[in-house]
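Read the structure below first, then the notes.
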Amino acid sequence: MNVSVVLFTSDLRLHDHPPLRAACDNHGGQVVPLFVRDRVVDAVGFAVPNRLAFLADCLRDLDTGLRERGGRLVVRSGDVVEQVCRVVAEADAGEVHMASDAGGYAHHREQRLRRALGALGCRFHVHDRVTTVVAPGGVTPSASDHFAVFTPYFRTWSGQPLRGVLDAPRAVRVPDGVASEPLPSREDLSGLSEGLAPGGETAGRKRLTAWLRTGIASYEERHDDLAGDATSRLSPHLHFGTLSPVEVVQRARRAGGPGAAAFERQLAWRDFHRQVLAARPDAARADYRTRHDHWRSPRESEADVAAWREGRTGYPVIDAAMRQMRHEGWMHNRARLLTASFLTKTLYVDWRVGARYFLDLLVDGDLANNQLNWQWVAGTGTDSRPNRVLNPVLQAKRYDPDGGYVRRWVPELADVVGPAVHEPWKLVGLDRVAADYPDPIVDLADGLARFREARERG
């Protein structure tokens with residue numbers, strides 16, 4: 001009897017899933033849907049409470065969907081190659097299907113699987129365009145193995161034909177005798193962000209449908225509106241693969257209009273970062289383009305970093321953003337830019353410090369997007385203006401003009417009316433501000449001068 005194993009990684013869905021569809025179409029054979037809790041991924045710090053909780057939701061929802069189709073999810077823990085080989089032996093499987101991914105570890109995992117499965121005589125199929133719209137390396141400039149600038153990448157990316165969107169399988173037949181560990185549950189975890197959103201394909205598809213109906217039309221005008229909260233909030237679902245990026249782009253294009261075009265551009269940034277990371281895996285931890293920075297030492301910057309993490313810098317929009325992340329495990333994209341610029345350029349702290357803290361809390365903490373966005377802001381990445389500095393006061397007045405975002409997340413300033421909330425140190429006679437809210441930890445002009453001097457020294 002034909003048996004196929006489908007190794008789920010960051011593609012935890014049934015709809016538009018090419019590896020699962022290929023396995024189910026294997027001459028009516030049986031399928032083992034497998035997820036391995038990879039001890040290597042856990043060991044490098046990705047097993048943080050918020051992502052573990054969202055992952056637990058995703059796995060439970062995936063198992064429910066499979067059971068509705070006559071199947072079930074098999075969960076194992078340990079070395080991913082060892083566990084896949086064990087399942088292949090237990091099920092007498094003839095082939096394994098999985099989605100490709102970017103990054104050094106994903107490439108190494110794929111190589112190890114290919115060797116081990118080849119030794120067992122088991123066919124190994126790696127499917128592109130499951131977690132991306134265009135595969136890393138699928139488009140390249142004439143003189144390089146990857147695009148280093150987004151705009152020409154986006155032009156090329158936009159002209160690529162999309163593959164067709166696949167329906168979820170109607171039936172999944174799982175062979176008997178393949179054991180599974182119990183499914184994890186978020187109830188077993190502690191240290192979660194209080195406002196953490198639910199995970200799973202069901203929740204993701206519901207959010208996408210609602211967004212396309214009510215949010216995408218105004219996205220171009222409102223996506224930077226901090227108080228308006230007008231972004232899609234689909235990033236966790238794209239990170240865990242409960243939504244197909246190909247299907248999201250297809251449905252956005254059907255919606256049409258300037259909002260859909262602006263939204264599609266943001267999706268292209270995901271693929272851009274993945275093709276950079278695939279070509280330069282070291283960019284996850286080292287400068288993509290070094291500026292020869294001599295970042296402030298941990299001892300010198302310790303108090304400032306602690307204030308930044310706690311949302312106690314004295315700059316309301318920075319503090320609001322950091323508190324939002326701690327409460328929701330998510331942060332508005334414009335706020336991510338502001339907090340990263342403040343840490344790396346105003347405080348002149350190594351971008352890796354901020355990137356690690358974001359990965360500790362963000363449910364959508366994605367190696368390619370997180371690390372390369374941090375590098376873009378720090379000026380060590382792909383930004384063509386590496387020395388730009390975002391002024392948090394001016395940015396707050398532009399993107400939170402009435403102060404609604406700040407008042408939502410910084411209750412000490414709830415009584416301050418209008419844009420004055422962005423400069424509380426200028427207020428006179430407001431006891432609550434004086435008593436509860438800190439003075440700025442750095443003068444913006446001093447921070448700018450320090451950064452420029454450091455970059456000039458190189």
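The values are calculated or read from the model by the stated rules, or taken from the named source; none is laboratory data. Being a predicted model, the structure only gives us computed values, none of them experimental. Methodologically, a virtual Cβ is constructed for each residue, glycine included, from the backbone with ideal geometry; neighbour enumeration extends over all protein chains shown.
General remarks:
- All of (1) out of contact with any helix residue (DSSP H, G or I) (no Cβ under 7 Å at 6 or more places or on another chain); (2) free of Cβ contacts under 8 Å to residues at least 40 places away in the same chain hold for CYS85 with one exception: (1).
- Restricting the range 263-291 to residues that are aliphatic (A, V, I, L, M) and crowded, with 16+ Cβ neighbours inside 10 Å, the residue that is farthest from PRO152 (Cα to Cα): ALA284
- Qualifying residue in the range 81-90 (condition: small (Gly, Ala, Ser), farther than 30 Å from PHE272 by Cβ and not in a strand (DSSP E or B)): yes
- Every residue from the range 189-215 that is farther than 19 Å from HIS15 by Cβ and free of Cβ contacts under 8 Å to residues at least 60 places away in the same chain: THR214, GLY215
- Qualifying residue in the range 45-68 (condition: on the phi > 0 side of the Ramachandran plot and free of Cβ contacts under 8 Å to residues at least 60 places away in the same chain): no
- The residues in the range 354-384 that are over 10 Å from the mean Cα position of the chain (by Cα), part of a loop (DSSP other than H, G, I, E, B) and at pLDDT 95 or above can be counted, and the count is 4.
- Residues satisfying the stated conditions in the range 217-246, i.e. part of a helix (DSSP H, G or I) and crowded, with 19+ Cβ neighbours inside 10 Å: TYR219, SER235, PRO236, HIS237, LEU238, HIS239, PHE240, PRO245, VAL246
- Taking the range 119-147 as the range and being aliphatic (A, V, I, L, M), more than 27 Å from PHE240 (Cβ to Cβ) and not in a helix (DSSP H, G or I) as the test, only ALA143 passes.
Listed here are the residues, each with its yes/no results for (1) touching a helix residue (DSSP H, G or I) at 6+ places or on another chain (Cβ under 7 Å); (2) in the same structural domain as ASP229 (by TED's automatic domain parsing); (3) over 30 Å from HIS294 (Cβ atoms); (4) modelled with pLDDT under 90.
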position: ARG398; (1), (2), (3), (4): no, no, yes, no
position: VAL406; (1), (2), (3), (4): yes, no, yes, no
position: LEU413; (1), (2), (3), (4): yes, no, yes, no
position: GLY429; (1), (2), (3), (4): no, no, yes, yes
position: TYR437; (1), (2), (3), (4): yes, no, yes, no
position: PRO440; (1), (2), (3), (4): yes, no, no, no
position: GLY447; (1), (2), (3), (4): yes, no, no, no
position: GLU453; (1), (2), (3), (4): no, no, no, no
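- Of the candidates ASP229, ASP188, the single residue that is farther than 20 Å from ALA255 by Cβ and out of contact with any Cys (no Cβ under 9 Å at 6 or more places or on another chain) is ASP188.
- Qualifying residue in the range 319-327 (condition: part of a loop (DSSP other than H, G, I, E, B), in contact with an Asp or Glu (Cβ under 8 Å, 6 or more places away or on another chain) and under 17 Å from GLN395 (Cβ atoms)): no
- Within the range 148-166, the set of residues being touching a helix residue (DSSP H, G or I) at 6+ places or on another chain (Cβ under 8 Å) and either exposed (fewer than 11 other Cβ atoms within 10 Å of the Cβ) or part of a loop (DSSP other than H, G, I, E, B) (or both) comprises ALA148, LEU162, ARG163, VAL165, LEU166.
- The residues of the range 383-405 that are hydroxyl-bearing (Ser, Thr, Tyr) and surrounded by fewer than 21 Cβ atoms within 10 Å (Cβ to Cβ), listed by number, are SER384, TYR399.
- Residue among ALA116, ALA171, ALA197 that is within 21 Å of the chain's Cα centre (by Cα), aliphatic (A, V, I, L, M) and either at pLDDT 95 or above or in a loop (DSSP other than H, G, I, E, B) (or both): ALA197
- Residue list for the range 339-358, filter: in contact with a Leu (Cβ under 8 Å, 6 or more places away or on another chain) and surrounded by fewer than 21 Cβ atoms within 10 Å (Cβ to Cβ): VAL353
- Complete set of residues in the range 87-113 that are exposed (fewer than 15 other Cβ atoms within 10 Å of the Cβ) and more than 27 Å from the chain's Cα centre (by Cα): ALA89, ASP92
- Filtered residue count, the range 24-33, keeping only those that are touching a Ser or Thr at 6+ places or on another chain (Cβ under 9 Å) and assigned to a strand (DSSP E or B): 3
Residues are listed down the side, and each one gets a yes or a no for (1) in contact with a Leu (Cβ under 7 Å, 6 or more places away or on another chain); (2) surrounded by fewer than 17 Cβ atoms within 10 Å (Cβ to Cβ):
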| position | (1), (2) |
| --- | --- |
| GLN371 | no, no |
| VAL410 | no, no |
| ASP436 | no, yes |
| GLY447 | yes, no |
